[in-house]
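Sending over a structure as structure tokens; questions will come in a sec.
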Amino acid sequence: MFDLAPVSLWVEDYSGVKRLFAEWRAAGVTDLRAFLCEDLDRIRTCAGLIRIVEVNRKTLSLFEAEDQIRLIANLDVVFHDDMLVTHLDELVQLWNGQTEFSGLTVNYTLTGRRLDIRLNGAILPGYEDDWARVLVAIEDVTEREAARRALADSEAYARGLFQHSPVSLWVEDFSAVKHLLDDVRACGITDLRTFTDVHPEFVQRCMSEIRVIDVNACTLSLFGAADRADLLLHQHQIFRDAMQRPFREQLIDLWHGELLQHREVVNYSLAGDELHLLMQFSVLPGHERDWSLVQIALTDITARKKAEAYLEFLGKHDVLTKLYNRSFYVDEINRLERAGLSPTTVVIADLNGLKIANDRLGHAVGDQLLRRAGEILKAAAPEPAHAARIGGDEFAILLPGTDERGGQATIDDIQRLVEVNNQFYGGGTLSFALGMATSTPGERLEEVIKRADAMMYRAKRAYYAGRGGRE
């Protein structure tokens with residue numbers, strides 16, 4: 001029966017180990033694990049005291065040995081240091097009075113092939129006092145352990161891809177959101193857009209029901225969080241304000257069955273910085289029925305959005321004064337014409353003395369005067385008014401829906417701001433020639449601008465006449 005058993009069987013003599021244990025106990029050893037860990041050679045000593053009495057055919061086949069003599073002669077090939085930790089556990093079990101022991105370990109065939117084995121040992125009845133006969137059964141679990149290691153490697157690989165992805169990745173549970181949408185649908189609602197127009201709080205409720213399962217390292221860096229717990233604790237700071245509109249669109253797409261989405265969104269870092277992000281949303285395969293596993297990838301496009309905004313600013317603004325440019329001014333005149341806003345007042349302002357400042361003091365002084373002019377006109381023309389630089393030293397303010405009285409108030413504001421500005425800045429004195437005109441019913445804005453321009457030139461002539469004709 002022993003020789004024909006379908007599993008590897010070993011009969012071994014542990015009496016040398018038993019005697020060594022007695023010596024250690026007499027020397028005061030109480031914690032064998034700690035004692036062996038202090039010096040791994042003690043484990044090797046124990047292993048060297050074990051004697052092989054007999055093995056069966058399955059053992060010879062498993063370890064690729066021609067006979068028992070060849071196997072015993074090459075035990076140093078079979079037992080490597082890989083098994084020291086497991087052998088330690090076996091020894092501790094025996095030390096603690098157990099007559100049976102077990103564990104997973106690694107052996108090698110005589111040709112060097114690795115064997116993952118499950119080892120089960122028992123002191124045979126009648127040998128409890130000297131451990132002279134111990135039966136060890138070995139089960140070959142190499143394939144199972146190889147599969148387990150492959151699975152662990154695959155999981156580690158996938159985890160590595162997730163953790164070290166160069167974009168922010170979130171794994172979330174949207175199942176509660178799905179329940180809310182299903183409940184609304186069950187109530188007979190067919191148009192979620194209209195429903196959320198009437199009940200905007202529903203969007204906020206859905207947002208609050210999202211459960212974050214995991215985030216990667218890039219996410220923590222992007223949002224300025226110390227760790228995952230810090231991020232989750234401050235979610236309310238991340239998802240707020242400008243996030244609600246795109247999230248509503250996301251809900252509407254989910255309502256219509258779009259489980260793969262991408263859109264631009266705005267989130268906020270924990271420091272309060274606005275983050276423009278490209279969001280890619282996916283309900284993961286196998287979770288389409290409950291949305292319990294969703295992956296979201298966020299790519300930071302803040303720099304791109306700032307560049308786009310700056311290019312848009314340049315397209316509409318004068319770089320030096322930060323006022324609108326002539327192109328915007330022309331477009332705005334056309335828009336006001338189409339809108340038919342009446343009355344509309346136009347103020348034309350010309351910067352006095354710019355040429356002499358450039359010629360005598362240098363263009364740096366002239367540029368400073370222009371920047372100061374921009375500060376004043378911008379302050380005097382809050383929306384819906386628009387101030388624009390329409391020439392080298394010429395400016396215009398469009399005041400839609402403003403009558404002559406309002407236009408005069410704007411001119412008064414400009415003159416007051418000029419006085420304050422000149423007190424604040426040293427160097428060149430800032431001065432405007434101002435002209436104003438207000439549209440009459442049916443009058444084209446071009447005509448209004450001509451009248452305001454004429455008034456400005458009249459003021460300019462008066463300014464230079466007061467200076468003896470000197471520019």
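The values are calculated or read from the model by the stated rules, or taken from the named source; none is laboratory data. Here the structure is a predicted model, which is why all the values come from computation and not from measurement. Neighbour counts run over all protein chains shown; Cβ positions are idealised from the backbone, glycine included. Just the protein is used for accessible areas: all its heavy atoms, side chains included, with ligands, DNA and RNA removed. Shrake-Rupley method; radii C 1.70, N 1.55, O 1.52, S 1.80 Å.
Would you point out which residue out of Ala380, Ala364 is crowded, with 17+ Cβ neighbours inside 10 Å and either at pLDDT 95 or above or closer than 26 Å to Leu417 by Cβ (or both)? Give the derivation first.
On the way: Ala364 fails: crowded, with 17+ Cβ neighbours inside 10 Å.
After applying the criteria, what remains is Ala380.
Against the definition (more than 50 Å from the chain's Cα centre (by Cα), among the polar types (S, T, N, Q) and open to solvent by less than 50 Å² (accessible area, probe 1.4 Å)), how does Asn422 come out, yes or no? Quick ask: steps written out before the conclusion?
Working: more than 50 Å from the chain's Cα centre (by Cα): no; among the polar types (S, T, N, Q): yes; open to solvent by less than 50 Å² (accessible area, probe 1.4 Å): yes.
Taking the combined requirement at face value, the residue does not satisfy it.
Here is a follow-up. Collect the residues in the stretch 258-291 that are in contact with a helix residue (DSSP H, G or I) (Cβ under 6 Å, 6 or more places away or on another chain) and surrounded by 18 or more Cβ atoms within 10 Å (Cβ to Cβ), keeping them in residue-number order.
Val265, Val266, Asn267, Tyr268, Leu275, His276, Trp291
Evaluate the following for Ser282: is it more than 19 Å from Arg240 (Cα to Cα), in contact (Cβ under 8 Å) with a residue 40 or more places away in the chain and under 22 Å from the mean Cα position of the chain (by Cα)? Break it down into steps so the answer makes sense when it comes.
Numbers: more than 19 Å from Arg240 (Cα to Cα): yes; in contact (Cβ under 8 Å) with a residue 40 or more places away in the chain: no; under 22 Å from the mean Cα position of the chain (by Cα): yes.
The answer is no for Ser282.
Right, here's the next one. If we keep just the residues of the stretch 312-351 that are surrounded by fewer than 17 Cβ atoms within 10 Å (Cβ to Cβ) and of a type in the set (S, T, N, Q), which is nearest to Gly407 (Cα to Cα)?
Ser342
Cys46 is checked against (1) free of Cβ contacts under 8 Å to residues at least 40 places away in the same chain; (2) closer than 16 Å to Val17 by Cβ and fails just one. What number does that condition carry?
(1)
For the stretch 4-24, what are the residues that are under 16 Å from Glu128 (Cα atoms) and either open to solvent by 50 Å² or more (accessible area, probe 1.4 Å) or part of a loop (DSSP other than H, G, I, E, B) (or both)? Steps first, please.
Taking the stretch 4-24 as the starting set, the residues that turn out to be under 16 Å from Glu128 (Cα atoms) are 11-22.
Those that are under 16 Å from Glu128 (Cα atoms) and either open to solvent by 50 Å² or more (accessible area, probe 1.4 Å) or part of a loop (DSSP other than H, G, I, E, B) (or both): Tyr14, Lys18, Arg19, Ala22.
Give the stretch 210-229 a look and list any residue that's of a type in the set (Ser, Thr, Tyr) and open to solvent by less than 70 Å² (accessible area, probe 1.4 Å), or say none. Let's see the steps before the verdict.
If we filter the stretch 210-229 for residues that are of a type in the set (Ser, Thr, Tyr), which is where we start, we get 219, 221.
Correct list: Thr219 only.
So is Arg51 in contact with an Asp or Glu (Cβ under 6 Å, 6 or more places away or on another chain) and open to solvent by 20 Å² or more (accessible area, probe 1.4 Å) or not?
Values: in contact with an Asp or Glu (Cβ under 6 Å, 6 or more places away or on another chain): yes; open to solvent by 20 Å² or more (accessible area, probe 1.4 Å): yes.
Against the criterion (in contact with an Asp or Glu (Cβ under 6 Å, 6 or more places away or on another chain) and open to solvent by 20 Å² or more (accessible area, probe 1.4 Å)), Arg51 qualifies.
Sticking with this structure for a sec: Based on this model, can you work out whether Asp230 counts as within 19 Å of the chain's Cα centre (by Cα) and charged (D, E, K, R)?
Taking the combined requirement at face value, the residue satisfies it.
Of the numbered conditions (1) open to solvent by 60 Å² or more (accessible area, probe 1.4 Å); (2) of a type in the set (Gly, Ala, Ser); (3) part of a strand (DSSP E or B), Ser102 fails exactly one; give the number of that condition.
For Ser102, the failing item is (1).
Of the residues Asp359, Asp290, only one is without any contact (Cβ under 8 Å) to a residue 40 or more places away in the chain and not small (Gly, Ala, Ser); which?
Numbers: Asp290 fails: without any contact (Cβ under 8 Å) to a residue 40 or more places away in the chain.
Answer to the selection: Asp359.
Out of the residues in the stretch 61-74 that are out of contact with any strand residue (DSSP E or B) (no Cβ under 9 Å at 6 or more places or on another chain) and open to solvent by less than 80 Å² (accessible area, probe 1.4 Å), which is nearest to Ser8 (Cα to Cα)? Break it down into steps so the answer makes sense when it comes.
Start the filter on the stretch 61-74 by keeping residues that are out of contact with any strand residue (DSSP E or B) (no Cβ under 9 Å at 6 or more places or on another chain), which leaves 64, 66-67, 69-70, 73-74.
Next, from what is left, pick out any that are open to solvent by less than 80 Å² (accessible area, probe 1.4 Å): 64, 67, 73-74.
Working: Glu64: 12, Asp67: 14, Ala73: 18, Asn74: 17 Å.
The selected residue is Glu64.
Related question: Using the structure shown, decide if Gln250 is open to solvent by less than 70 Å² (accessible area, probe 1.4 Å), under 17 Å from Ala176 (Cα atoms), among the polar types (S, T, N, Q) and part of a helix (DSSP H, G or I). Talk me through it step by step, then tell me what you get.
Numbers: open to solvent by less than 70 Å² (accessible area, probe 1.4 Å): yes; under 17 Å from Ala176 (Cα atoms): yes; among the polar types (S, T, N, Q): yes; part of a helix (DSSP H, G or I): yes.
The answer is yes for Gln250.
Considering (1) under 53 Å from the mean Cα position of the chain (by Cα); (2) of a type outside the set (Asp, Glu); (3) open to solvent by 40 Å² or more (accessible area, probe 1.4 Å), say which one Thr402 fails and leave the rest.
Result: Thr402 passes all but (3).
Right, here's the next one. Does at least one position in the stretch 75-91 carry a residue that is more than 53 Å from the chain's Cα centre (by Cα), open to solvent by less than 20 Å² (accessible area, probe 1.4 Å) and under 28 Å from Glu145 (Cα atoms)?
No, because not a single residue in the stretch 75-91 is more than 53 Å from the chain's Cα centre (by Cα), open to solvent by less than 20 Å² (accessible area, probe 1.4 Å) and under 28 Å from Glu145 (Cα atoms).
Same structure, new question: State whether the residues of the stretch 432-440 include one that is open to solvent by 60 Å² or more (accessible area, probe 1.4 Å), under 28 Å from Arg338 (Cβ atoms) and out of contact with any Leu (no Cβ under 8 Å at 6 or more places or on another chain). Reasoning before the result, please.
Taking the stretch 432-440 and keeping what is open to solvent by 60 Å² or more (accessible area, probe 1.4 Å), we get 440.
Next cut, under 28 Å from Arg338 (Cβ atoms) only: 440.
Retained after the next criterion (residues that are out of contact with any Leu (no Cβ under 8 Å at 6 or more places or on another chain)): 440.
Yes: one or more hits.
Take the stretch 230-247 and flag every residue that is open to solvent by 40 Å² or more (accessible area, probe 1.4 Å) and of a type in the set (Phe, Trp, Tyr).
Phe239
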